[in-house]
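All remarks here apply to the structure that follows.
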Amino acid sequence: METRKVQVTGGSTFTVSLPKSWATENGVSAGTTVEFYPEDDSLLLTPQSEVQRTKGHLDVSDLDGDRLTRAVMTMYVSGFDIISLEASRITTDQRRAIREATQSLVGVEVLEETTDKVVIQDLLDSSELSIHNAVTRMRLIAESMLHD
């Protein structure tokens, strides 16, 4: 175990140096982002992990309207981060359905759009979402709605 002194930088930021041997072993160098996980009175530090994006492909040639919207939502709920929707030619109605599905989902944006392909991506990092915070937010919203 090593000990380090906490220093104050700029009056409002606490700074602690990392042991060089640990940093080197874990690929941490100047500019590397690290993640902190608070747990009661402890703090876990880890190098930021590479985010593995799950890719999904769907042929939308025979889908339109509600069926296409449901298919996009199903892929989103199934955990795909990048969804590629492909056809020989994507129609205006299909684009409208894809756009409606994208707008109704949280954190999803159109990444690429061509005549035969639309790629959408989930920009949210699910590892940053806390169940505790989400439930607390829902409780506060429900209390506010009840009060109103």
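Can you compute log10 of I(q)/I(0) for region 1-52 with the Debye formula, treating each Cα as one identical point scatterer, at q = 0.14, 0.15, 0.31 Å⁻¹?
The calculated log intensity ratios at q = 0.14, 0.15, 0.31 Å⁻¹ are -0.46, -0.53, -1.29.
Could you report the chain's accessible area per residue, 1.4 Å probe, as an integer in Å²? Before the final figure, lay out each step's value.
Numbers: 11360 Å² over 148 residues.
Using a 1.4 Å probe on heavy atoms only, each residue of the chain averages 77 Å².
If you restrict to DSSP beta bridges whose two residues both lie in the chain, what percentage is antiparallel, to the nearest 5?
Here the share of antiparallel DSSP bridges comes out near 80 percent.
Can you pull the semi-axes for the chain, root of five times each eigenvalue of the Cα gyration tensor, sorted largest first, whole Å? If you can, show how the numbers build up before the last one.
Working: eigenvalues 353, 109, 30 Å².
That gives 42, 23, 12 Å for the three semi-axes.
Are there DSSP H segments in the chain that both extend 15 Å or more along their axis (alpha-carbon positions) and score a mean Kyte-Doolittle hydropathy of at least 1.0? List them, or say none.
Values: long enough: 65-77 (18 Å, 0.17); 92-104 (18 Å, -1.66); 131-147 (24 Å, 0.25).
Helices passing the filter in the chain: none found.
For region 92-126 and region 1-51, what is the separation of their Cα centres, given in Å?
Using only Cα atoms to place each centre, the spacing works out to 37 Å.
Put a dot 7 Å past each Cα toward the Cβ at Trp22 and Lys117; how far apart are the dots in nm?
4.4
Could you compute the FRET efficiency for Thr3 and Met138, with r as their C-beta to C-beta distance and R0 at 35 Å, rounded to 0.05? All intermediate terms of the calculation are to be shown ahead of the outcome.
Numbers: r = 41 Å, r/R0 = 1.18.
E between Thr3 and Met138, to the nearest 0.05, is 0.25.
Can you send over the carbon and sulfur percentage of the accessible area for the chain, probe radius 1.4 Å, protein chains only?
Details: 6070 of 11360 Å².
That share works out to 53 percent.
The values are calculated or read from the model by the stated rules, or taken from the named source; none is laboratory data. All figures in this text were calculated on a predicted structure; none of them were measured in a lab. All Cβ positions, glycine included, derive from the backbone under ideal geometry; neighbour counts span all protein chains shown. Calculation scope for accessible area: heavy atoms of the full protein, side chains included, ligands and nucleic acids excluded. Shrake-Rupley method; radii C 1.70, N 1.55, O 1.52, S 1.80 Å.
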